[in-house]
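See below for the structure under consideration.
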Amino acid sequence: MTAEKTVQVRIEGRVQGVWFRAWTAEEATRQGLSGWVRNRRDGSVEALFSGPAEAVDAMIAACRRGPAHARVADMRVEAAAPFQGSGFGKRPTV
């Protein structure tokens, strides 16, 4: 049985206006993860990734690079409670 893992990440840098949310949703769905992604008013992007530990780790690594026009300056990753839902979606800005 594969270990499950859930993390909440905050990504800072040039991450808004460069397709980061849509890219994150596509990548997370491709990895078979559940959770969400949203912009924050401070200019960062926040996401919750939940699923098999290997897929979560792969998604964290992908977010450190981001889509083509993003420039990730910093990323914080914290353990989180498992996502209560299914699928991966985009949430409104907070």
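Each value in this text was obtained by applying a stated rule to the coordinates, not by laboratory testing. Everything numeric in this text was worked out from a predicted model, so none of it was measured. Heads up, the Cβs are rebuilt from the backbone with ideal geometry, glycines too, and the neighbour counts pull from every protein chain shown.
For this structure, a couple of remarks:
- Tallying residues that are within 17 Å of E4 (Cα to Cα), surrounded by fewer than 19 Cβ atoms within 10 Å (Cβ to Cβ) and of a type outside the set (K, R) within segment 20-43 yields 3.
- Restricting attention to segment 1-19 and to residues that are touching a His at 6+ places or on another chain (Cβ under 8 Å) and hydrophobic (A, V, I, L, M, F, W, C), the residue that is surrounded by the fewest Cβ atoms within 10 Å (Cβ to Cβ) turns out to be W19.
- In segment 1-38, the residues that are in contact with an Asp or Glu (Cβ under 8 Å, 6 or more places away or on another chain) and not hydroxyl-bearing (S, T, Y): K5, V7, Q8, V9, R10, I11, E12, G13, V37, R38
- The criterion of at least 3 residues that are at negative phi, more than 10 Å from the chain's Cα centre (by Cα) and of a type outside the set (K, R) is met by the following strands (runs of 3 or more DSSP E) wholly inside the chain: 4-14, 71-79.
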